[in-house]
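Q: Have a look at the structure that comes next, please.
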Amino acid sequence: MKFPLLAIEPKGFTSLFPTESDARRMPIGFIKIYRKRQAALEFFDSDGGVWALEAITPIKAIPFWLRFLPTFREIEVEMRFRPLGAATPERMKQLLRSAVEADDDILTQHQEESDILAKLEKTKSVGEVFRLYRWMTKDFRKGPPK
């Protein structure tokens, strides 16, 4: 698995892990989100592989009182994946299109849905989909798509 890693769930949830260390720390509240969406999530790596999340577990036990409060306090986690095979740009585009269409103004807060979908149609590689995602979420660490 080669980072960055883009998690896409067709009902509108996405997340980008730029580095492996980013996948090892997350807010406590996100653990429940990943577990709830685990069956539908697909993780695309920058090397052209697609992965399924087998498990996400905190490295240390979460204090009892933090389990019930919505919190953005970060903790270390272990995410275990199983390979699903090679990622095709078509599959990645299909899932991202579904996520954008199901979005409730998270993915479309910086760009219009129609602009995103038009650019998505023009992408031809996994790398181009990564660049599009960074552009639509205003993550310019690698620059906007052309």
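Q: Out of Lys11, Lys2, I need the residue that is in contact with a strand residue (DSSP E or B) (Cβ under 7 Å, 6 or more places away or on another chain), closer than 18 Å to Tyr133 by Cβ and not in a strand (DSSP E or B). Which one? Full working, then the answer.
A: Details: Lys11 fails: in contact with a strand residue (DSSP E or B) (Cβ under 7 Å, 6 or more places away or on another chain).
Going through Lys11, Lys2 in turn, the sole match is Lys2.
Q: Additional query: Can you name every one of the strands (runs of 3 or more DSSP E) wholly within segment 19-64 that holds 3 or more residues which are within 23 Å of Pro89 (Cβ to Cβ)? Steps first, please.
A: Numbers: elements: 25-27, 42-45, 49-58.
Those strands (runs of 3 or more DSSP E) span 42-45, 49-58.
Q: Here's something else I'd like to know. When the residues of segment 58-75 are narrowed to those that are surrounded by 11 or more Cβ atoms within 10 Å (Cβ to Cβ) and within 21 Å of the chain's Cα centre (by Cα), which ends up modelled with the highest pLDDT?
A: Pro58
Q: Continuing with this model, one more query. Tell me, please, whether a residue that is modelled with pLDDT under 90, in contact with a helix residue (DSSP H, G or I) (Cβ under 7 Å, 6 or more places away or on another chain) and not assigned by TED's automatic domain parsing to the domain that holds Val129 can be found in segment 17-29.
A: Checking segment 17-29: at least one residue is modelled with pLDDT under 90, in contact with a helix residue (DSSP H, G or I) (Cβ under 7 Å, 6 or more places away or on another chain) and not assigned by TED's automatic domain parsing to the domain that holds Val129.
Q: Let me ask something additional. Determine whether Ser114 is at pLDDT 90 or above, outside the structural domain of Pro10 (by TED's automatic domain parsing), surrounded by 11 or more Cβ atoms within 10 Å (Cβ to Cβ) and among the small types (Gly, Ala, Ser).
A: Numbers: at pLDDT 90 or above: yes; outside the structural domain of Pro10 (by TED's automatic domain parsing): yes; surrounded by 11 or more Cβ atoms within 10 Å (Cβ to Cβ): no; among the small types (Gly, Ala, Ser): yes.
Judged against the criteria, Ser114 is not a match.
The values are calculated or read from the model by the stated rules, or taken from the named source; none is laboratory data. From a predicted model like this one, the values you see are computed outputs, not experimental measurements. Heads up, the Cβs are rebuilt from the backbone with ideal geometry, glycines too, and the neighbour counts pull from every protein chain shown.
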